[in-house]
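Remarks on the structure that follows.
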Amino acid sequence: MAAVDPWQLQADPEWAAAIVVAAVDYALVVRTLGRRGEPTPRRRIACFAAGLALIAVALLSPLEHIALSSLLAAHLLQNVMLADWAPPLLVLGLTPAMIAAAEKRPWVRVATAPPVALAVWLAAWYVLHVPAVYGYALEHRWALGLEHLAFLGSGLAFWWAVISPGRMRPQARLAFLFGAFIAAAPVAFALAFTHPLYDFYERAPKLWGLTALEDQQIGAIAMAVEQAAILFAACSVAFARWLDEDDPPPRPVGFPT
């Protein structure tokens, strides 16, 4: 088997163009709102930029080459980056005015409704990791592009439902996030505790002397940890807001109630 170069870049002009278009479009919206007297906070601009940067790292860096030539673990990392890391940053990069404008489109409102968003997100995790589906995408570039788009799109719907103002009360958001963690966990467990499932990676030359089983187990465990970390971080925020909502207003100092 030919040796794998872990530093080789993988050309993906379609995704590079998409990232540039998204950045330019966002910049134009920010400028337009600024001219109307609605400046976009720098922290939101930084979040959106970080989300695009994560997509670029996932799909335009050597990680893409490793995922397509050697390691399932790298491919699973890409999936988490596209579905659970980049989307919340992109949504946090939107101001309430941007979100309200987007939600005027009926399809956006429907796609980001919590029950729909959760179902789509879970469908992406389960269907796209089926060996036949996963293997087909690895052998056909157009299908791989759709796979990446499905992870990103389902992630945007899911995190939009979580972050968008007024969609859920804190207690509902907490239940939504915890339920998502429980429902998605079997995917990682199945990968961690079974034999190698993907023929493509059994045949691929391995970096660092890993076997196909070790590669799959490392990827599955890392995916579970990464997904748990971000979902439980979001749960912590939802729980804190729930407590704030239940706290009584402060009493005036020095006056009887």
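FYI, it's all coordinate maths here, none of it is from the lab. All values derive from a computational prediction rather than experimental measurement. Neighbour counts are summed over all protein chains in view; Cβ atoms, including those assigned to glycine, are modelled from backbone coordinates with ideal geometry.
For segment 1-48, rounded, prolate or oblate, judged on the Cα gyration tensor with a ≥ b ≥ c (square roots of eigenvalues), a/c < 1.5 rounded, else prolate if a/b > b/c?
On the way: a/c = 8.12, a/b = 2.98, b/c = 2.73.
Prolate, since a/c reaches 1.5 and a/b exceeds b/c.
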Dividing the alpha-carbon radius of gyration of segment 129-257 by 2.2 N^0.38 Å (N being the number of residues), what value is obtained?
1.52
Using +1 at the Cβ of each Lys and Arg and -1 at the Cβ of each Asp and Glu in segment 13-244, identify which of PRO13, ALA137, ALA74 lies farthest towards the dipole's positive end.
PRO13
Could I have the simple spin-label model distance between GLU103 and ARG36, label points 7 Å from Cα toward Cβ, reported in nm to one decimal?
1.6
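Once you have a ≥ b ≥ c as the square roots of the Cα gyration tensor eigenvalues for the chain, tell me rounded if a/c is under 1.5, and otherwise prolate or oblate according to whether a/b is larger than b/c. Intermediate values should be presented prior to the final figure.
Numbers: a/c = 2.31, a/b = 1.58, b/c = 1.46.
Prolate shape, in that a/c is at least 1.5 and a/b is the bigger ratio.
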Using the Karplus equation 6.51 cos²θ - 1.76 cosθ + 1.60 (θ = phi - 60°), what ³J(HN,Hα) coupling, rounded to whole Hz, does each residue of segment 37-50 give in order, writing x for Gly and Pro?
x, 10, x, 8, x, 4, 5, 6, 4, 5, 5, 5, 4, 5
Karplus-derived 3J(HN,Hα), 6.51/-1.76/1.60, for each residue of segment 51-65, Hz, glycine and proline x
x, 5, 5, 5, 4, 4, 5, 5, 10, 10, 9, x, 4, 5, 5
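Would you please classify the overall shape of segment 55-128 from the alpha carbon gyration tensor, given that a ≥ b ≥ c denote the square roots of the eigenvalues, rounded means a/c under 1.5, and beyond that prolate means a/b larger than b/c while oblate covers the rest? It would help to have the intermediate numbers written out before the result.
On the way: a/c = 3.55, a/b = 1.79, b/c = 1.99.
Oblate is the answer for segment 55-128, as a/c is 1.5 or above yet b/c matches or exceeds a/b.
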Between the modelled labels at VAL237 and ALA143 (7 Å from Cα along Cα→Cβ) the distance in nm is 3.6
Just from its helices, what would the mean residue ellipticity at 222 nm be for the chain, if runs of 4 or more DSSP H residues each count -39500 (n - 2.57) and the sum is divided by every residue, rounded to the nearest 500 deg cm²/dmol?
-24000 deg cm²/dmol
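Rank the residues LEU52, LEU33 as a footprinting-exposure proxy: fewest other Cβ atoms within 10 Å of their Cβ go first.
Working: LEU52 20, LEU33 16.
Least to most surrounded, the residues fall as LEU33, LEU52.
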